[in-house]
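The values are calculated or read from the model by the stated rules, or taken from the named source; none is laboratory data. No experiment lies behind these values; they were computed from the predicted model shown. Glycine gets a Cβ as well: all are built from the backbone with ideal geometry, and neighbour counts include every protein chain shown. For accessibility, only protein heavy atoms count, side chains too; no ligands or nucleic acids. Shrake-Rupley method; radii C 1.70, N 1.55, O 1.52, S 1.80 Å.
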Amino acid sequence: MNQTWTQRLLLLVALLLAALYLFPLYWMYVTSLKTGSEIFATPPGLAPSNPQWGVFGYVWELRGMGRFLWNSVVIASGTMVLTAVLGTGCAYVLARYRNFWIDVALFLVLMLQVLPASLMITPIFVGFAQLGLLNHPQLAVVLAITAKAMPFFVVLVRASFMSVPTELEEAALVDGNSRAGAFWSIVLPLARNGILVSAILIFMQAFGEFVYSKSMIPAVELQPASVGLNAFMGPNTTEWNNIMAYATIYVTPILAAFVILQRRIVAGLTSGALK
Amino acid sequence: MNRLLSSLRDGKGFDIVLVAVPLLFLIALSGLPLIYNVVMSFQEVDMFSLGTFARPWVGFKNYVAVFSAPETWPILRNTAVFVVCSIAGQFVLGFGLALFFTQNFPGASYIRGLFLASWVMPGLVVGAIWNWILAGDFGVLNYVLKSIGIISDNIFWRSDTNWSLWAVIIANIWLGTAFNMILLAVGLAGIPRDLYEAAQLDGANGWQRFWTITLPMMRATIGAVISLGLIFTLQQFDLFAAITSGGPANSSNVAQYWAWEQSFRQYDFAKGSTISVVMIAVVMIASVIYVRSTRHEVRG
Amino acid sequence: MTIRFGLLGAVALATTSLLSLGSAMAQDEVTITIWSLDDANQPALNLAREFDELEPGIKVEYREIQFDDVVSEAMRAFATGQAPDIIAVDNPEHALFAARGAFLDITDRVANSDVIDPANYFPGPLNSVTWDGKLYGVPKATNTIALYYNKDLYAKAGITEPPKTWDELVEVSRQLNDPANNVYGLAFSAKASEEGTFQFLPWAQMGGGGYDNINAPGAVKALEVWKTIMDEKLASPDTLTRGQWDSTGTFNSGNAAQVISGPWELNRMLEEAQFDWGVALLPTETEGGARSSAMGDFNWAIFASTQHPDEAFKALEYFASQDDRLFPEFGQLPARSDVEIPETGVALKDAALQVFLEQLQYAQARGPHPEWPKISKAIQDAIQQALTGQATPQAALDQAAATIDGILGQ
């Protein structure tokens, strides 16, 4: 009996914490339903006085969101896959050894993501223009975002690999596996959850990226949703309610997908996968 | 040839390829732009010469200009305050939440996932929403604080020179907590349960278990989270642009916003690069510290 | 016989192939690229498409860019040889490109043009496309600012007409200020961005100053008036970090009795303001004093790197010829004094437009100067320092004047 009460109490506290933390998300939903000037009314209305439900359909049509969202998915998936392919092996090696060269590599990996995208865009744009990569805009953007996201992925996944005991790998080698085989069949599955969580974080980050996409993809048909969002801001006018409605359509499915996905991953963790 | 191939599968070659390919990719795509920026800080740049490396060399003139500007030291001070407070806040809250959610109650994992809303929402949206929450007249924060009775008059978070930096810090802590939480949660989940059980049998209480088992086992994750947090915080731009625009009167101006403003509002690209080089120097020091600290990590 | 047929056949063949070659060459399309921030509800995109259809030999590619990125994208593209043929650029930034020769000098083309005549344009916009006596572009549209006021609140406070001088404005704001009911007397923008300069310069100009003379006694007085308004909380302290659109939002929701803003607000205000409102000319320093106002909106320009200057100029001529449609279809004000603005039938809007049109006569360009962003920043810094109490208005503007003199002296 005691345990159920504790559990119920914990659940209540969790819900309160979540409600507190998610208030800005709630505010986003509410603002999309308000009229333009209601957003600025004092005192602030916690619920819209005259909900404009039509705003979602309007925004979807106006911006052709279906196509935008598809482009975002394409770019984000491309980035996630490329980052995972390049970054996992790198993280594995950086976790396995400790010597001067590894230190240098780790240092480089960290340093190479220090500049924000707004300062990187000019040299990357110039370089890509000369290589002709700007004729393949989505590919160019995937490459640029991967370079930005990979250090982040490597540092995180390295921490995951660090939790895999060396003895297991050595046992596999003794058993006659090659290094590649040991990596593939023993080490990788054990770090799988950390890799998956990091990959998903990369996906979400790439989904929201707009600095590179804005500059390198001039054609509207190829632009991702994040660029479409920025288009609501004019020189003097900003359609806040449309922006919030657009963001709602864009954020809600990803958040829902993540909530479901992360539960299964973390559930896998706590069920003692290591043993 | 055979030896080369076999080393690729089963020896040094394997490791080298796994590291070299990504590093070369990174050096080409991130390293060259970095060099471009550093070189640009020593040159005189205008719109015609953006595309080449060959520009008039002016030595340290840009650096002198940056460091002799009256706003420089307040901005650097603001940046330090912003970074330290943000990371401290995000880490403490994130770790607290991660620990809380390791407990077993129904729905725990679903609710934990919801926190990632802050990571998913576009920067523009997050900035705008916090702008409204922190508004002096119609902001929800003031409304709530006044209703509870903590304050009697509106605090103008965004426009009071005493509060403006804190306004952005609050928003940034909110933004980064989820990221910290989820990664620390993954790290926590990687600690074997039997270590705790053994310690409990030995008579260690919760606090002692935390200090002697949790923290050391989490070293790699904590190091990763803080160093990445530092880099992300130094890049945080959307919140400044949306909430205070670095004002009023530079009271909430930080190095990254200032660099952007120089490059993209004043079109003084050289000065923008100069400021970013200063930031790079800081991150370099932090990176060295991180790398040295990894020597103490526990493997497996 | 055969030879004659053969010869005839050969000639026929030759002629047909020459003809087809000729028509193939005529069908060799010229492609021009246009960049602008207009979307489907605004002029540029639609006019570009129409021009494309009207001219069979010219294909138009249109790219929508965002306001914040116009200049940096343009610079980047220009530096890598990828600049468009035509671009719409914000008027204070026109000189940035024109002075460096990045825009095409179209003085001669305009002189020979039947469609574009400099005499038709308001002085402010025309000034912004001119550099060193030559024309480097054509104004696209224009806007300005004036004083919106809440007629219902005026009636309640017993105010019969909008203020004509600065002192009257402050007095009226005091009367309308009602903290207990969350109503500020006035709303405007003193943000540390181009918007702050946009709002302040008209006041400075009415006081006899200007960007090259920002610490003139009248300009200092203007900043002191602003400081009074802020100190007495007649406007929200958030004015320092808020733009015009958001500040006018507070007017629309009834939390400010007056607001200084422009014609872009009209549509939203008509939809959302639940009270009777009107527009008045900006108050002057003294009764009957000099009038001035801000000048906003964009200019068309052709990049000097264009491969097709003639076609690009033709496009500009087409756009200029459609200026009379700018307002009825898109709600923008053409920068021309010879175009009639038809009545919309909405009483409030028509009354407001009359005031804006009158105000446009006094609108002055910002600059033009290639270093305008730096000049603007000096002014913004002065405003922010004075309004946060870090320096007196006189000292702040003196410092700004010194900085600007340094820039102008170069």
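Roughly how many percent of the accessible protein surface of chain C is carbon and sulfur, given a 1.4 Å probe and a whole-percent answer?
Summing carbon and sulfur atoms, their accessible area is 50 percent of the total for chain C.
Which far-off residues, 5 or more places away or on another chain, put their amide H under 5 Å from the one on C:Val129, with H placed in the peptide plane?
Here nothing satisfies the definition.
Hey, what's the protein assembly as shown come to in accessible area per residue, 1.4 Å probe, Å²?
Spelled out: the 1.4 Å probe surface of the protein assembly as shown, per residue, equals 40 Å².
Return the carbon/sulfur percentage of the accessible area of the range B:1-78, one whole number, probe 1.4 Å, all protein chains in place.
Of the solvent-accessible surface of the range B:1-78, carbon and sulfur hold 74 percent.
May I ask what percent, to the nearest 5, of DSSP beta bridges between residues of the protein assembly as shown are antiparallel?
Roughly 65 percent of the beta bridges in the protein assembly as shown run antiparallel, per DSSP.
Using modelled amide H (1.01 Å from N, peptide plane; none on Pro or chain starts), what sits under 5 Å from the amide H of C:Leu333, excluding residues fewer than 5 places away?
Those qualifying (amide H under 5 Å, at least 5 residues apart or on another chain) are C:Thr142.
Once you order the gyration tensor axes a ≥ b ≥ c over the Cα atoms, which shape class does the range C:23-125 get: rounded for a/c under 1.5, otherwise prolate or oblate by comparing a/b with b/c?
Rounded is the answer for the range C:23-125, as its axis ratio a/c remains below 1.5.
Okay, helix-only estimate at 222 nm for the protein assembly as shown: each DSSP H run of n ≥ 4 adds -39500 (n - 2.57), divide by all residues, round to 500 deg cm²/dmol; what do you get?
Using -39500 (n - 2.57) per qualifying helix, the result is -19000 deg cm²/dmol.
Considering protein heavy atoms only and a 1.4 Å probe radius, which residues within the range A:105-119 exhibit an accessible-area decrease of no less than 40 Å² in the full assembly relative to the chain by itself?
Residues of the range A:105-119 that lose at least 40 Å² of accessible area once the other chains are added: A:Phe107, A:Leu110, A:Met111, A:Leu112, A:Gln113, A:Val114, A:Leu115, A:Pro116, A:Ser118, A:Leu119.
Taking a threshold of 27 Å on the Cα-Cα distance, which of the pairs B:Lys271/C:Lys140; B:Lys271/C:Lys191; A:Lys214/C:Lys314; A:Lys148/B:Lys271; B:Lys146/C:Lys164; C:Lys314/C:Lys377 fall above it?
B:Lys271/C:Lys140; A:Lys214/C:Lys314; B:Lys146/C:Lys164; C:Lys314/C:Lys377
With no solvent and one equal point scatterer placed on each C-alpha of the range C:101-170, evaluate the Debye formula and give log10 I(q)/I(0) for q = 0.15, 0.19, 0.21, 0.26 Å⁻¹, two decimals.
Debye curve over Cα of the range C:101-170, log10 I(q)/I(0) at q = 0.15, 0.19, 0.21, 0.26 Å⁻¹: -0.63, -0.78, -0.89, -1.21.
With charges only on Cβ, +1 for K and R and -1 for D and E, what is the dipole size of chain B about its Cα centre, in debye, rounded to 20?
Magnitude of the dipole: close to 640 debye.
How would you order B:215-222, B:52-59 from highest to lowest mean count of nearby Cβ atoms within 10 Å?
Taking the mean over residues of other Cβ atoms within 10 Å, the ranking is B:215-222, B:52-59.
Quantify how strongly other chains surround peptide B:137-147 by giving the mean number of their Cβ atoms within 10 Å of each of its Cβ atoms.
5
Mind grabbing the interface size between A and B? I mean buried accessible area, both sides, 1.4 Å probe, in Å² to the nearest hundred.
9100 Å²
Could I have the simple spin-label model distance between B:Ala69 and B:Asp202, label points 7 Å from Cα toward Cβ, reported in nm to one decimal?
5.6 nm
Cα gyration tensor of chain B, axes a ≥ b ≥ c as square roots of the eigenvalues: rounded (a/c below 1.5), prolate (a/b > b/c) or oblate?
oblate
Averaged over peptide A:159-169, how many Cβ atoms belonging to another chain are found within 10 Å of each residue's Cβ?
6
By how many degrees, between 0 and 90 and to the nearest 10, does the Cα long axis of helix C:309-321 differ from the longest principal axis of chain C?
Roughly 50 degrees, rounded to the nearest 10.
Classify chain A as rounded, prolate or oblate from the Cα gyration tensor: take a ≥ b ≥ c as the square roots of its eigenvalues, call it rounded if a/c is under 1.5, otherwise prolate when a/b beats b/c and oblate if not.
Taking the square roots of the gyration eigenvalues as a ≥ b ≥ c, chain A is oblate.
Mind checking B:169-182 for the average number of partner chain beta-carbons within 10 Å of each residue's beta-carbon?
1
Given R₀ = 41 Å, FRET efficiency for A:Glu170-B:Ala281 by Cβ-Cβ distance, to 0.05?
0.50
Quote the convex hull volume per residue of the range B:155-300, based on C-alpha atoms, as a whole number of Å³.
Cα convex hull per residue, to the nearest whole number: 135 Å³.
Residue by residue, what Karplus-based ³J(HN,Hα) values in Hz, rounded to whole numbers, does the range C:291-302 have, using 6.51, -1.76 and 1.60 with θ = phi - 60° and x for Gly and Pro?
My calculation for the range C:291-302 gives 9, 7, 8, 7, 9, x, 6, 10, 10, 8, 8, 10 Hz in order.
Arrange the peptides A:141-148, C:189-196 so that the one whose residues have, on average, the most other Cβ atoms within 10 Å appears first.
A:141-148, C:189-196
Of the beta bridges DSSP finds with both residues in chain C, what % are antiparallel, to the nearest 5?
The answer is about 65 percent antiparallel.
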